[in-house]
Each structure stands twice: as structure tokens, then as C-alpha cells.
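Trainee: Submitted below is the structure of interest, expressed as C-alpha cells.
A short reminder: the numbers here are calculations on the coordinates, not readings from a lab. Just so it is clear, the model here is predicted, and its values are computed rather than measured. Virtual Cβ from ideal backbone geometry, glycine too; neighbours counted across all protein chains shown.
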Amino acid sequence: MIRTLFVNCVRERAEFEARILCLEFPIESIGVVSDGLEAVEQAVRSQPDLIITCIGSLTSMDGLRMIRELRDRDVRSPVIVATAGSTTEQEALQAGANALLRLPAGVDEWHVAVRALVPPRPDA
């Protein structure tokens, strides 16, 4: 299972993404949060296999700042930024994200993004 932390400024959206992606992929949700600081603290504690985040205004900081904070705190988990907004891939990558996925995205796009960052485990 891919231990995944879901972060979104709209908690219900993060919960929805978690439910859908857990049905489609071998993903285990280890947390659903809408606060940037809480996301950083949880990631430092749990070192997830993957972090999926928006870049909007999280409760305590925006998503790009959260990603920079993750990297400053030595969290090396791959980060997928899922956005329908105007953020460019360059902005996301400069902040420390590994990939940017434009929403709405279909299952195939999610599959490519997840598999590119988290290869299948031999026991999976």
C-alpha cells in the first residue's frame, strides 16, 4: 500500500480525493488535513510514501509554503500538486513538489503521476 497524506484547503475535497484514489490505487490514507502546519507536522511524524496537496490557502499557510516547509524539515516524500488554478508547474517544482497535475484529471493521469513517483513494491 502507498501510505498517502491528503492535503486540501477544502477538507471535504481532500476526503473525496482520498476515497476515490483509495478505490483506484493501492493507496492507504494516513491522514486528511486542511491545515498546512498540521500537514507538515503529520508528514514529519509519519514520513508518508506520497503527499497529494492543493496549493490554495490552507488554514495556516498556502500550499507552496507548506511544500517549502516540508523540504526545510527534511521530509522527502514525493509531492503531487493537484490544481485547477493558475499555478505553473515551474512554481510548484521550485517550491519542492515533484509533479503538478491539472484538474480535472482522469484516472489515467492520476495513474501516470502516482506511478512515476511511487514505483510498485515487490510485495504489491
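Trainee: Tabulate in residue order the Karplus-calculated ³J(HN,Hα) for region 7-14, using 6.51 cos²θ - 1.76 cosθ + 1.60 with θ = phi - 60°, rounded to whole Hz; enter x for Gly and Pro.
Mentor: Per residue, the Karplus-derived 3J(HN,Hα) values read 10, 7, 5, 10, 3, 4, 5, 5 Hz.
Trainee: Quick one: length gained pulling LEU37 to GLU109 fully straight, 0.36 nm per residue minus the C-alpha distance?
Mentor: Numbers: separation 72, 0.36 × 72 = 25.92 nm, distance 2.84 nm.
Taking LEU37 through GLU109 to full extension adds about 23.1 nm, to one decimal.
Trainee: Note down the net charge around GLU41, summing +1 for each Lys or Arg and -1 for each Asp or Glu among other residues with Cβ under 14 Å from its Cβ.
Mentor: Working: positive: ARG45, ARG73; negative: ASP35, GLU38, GLU69, ASP72, ASP74.
Residues close to GLU41 contribute a combined charge of -3.
Trainee: What residues have an amide H closer than 5 Å to that of ILE27, excluding those fewer than 5 places away on the same chain, when H is modeled at 1.01 Å from N in the peptide plane?
Mentor: Correct list: ILE2.
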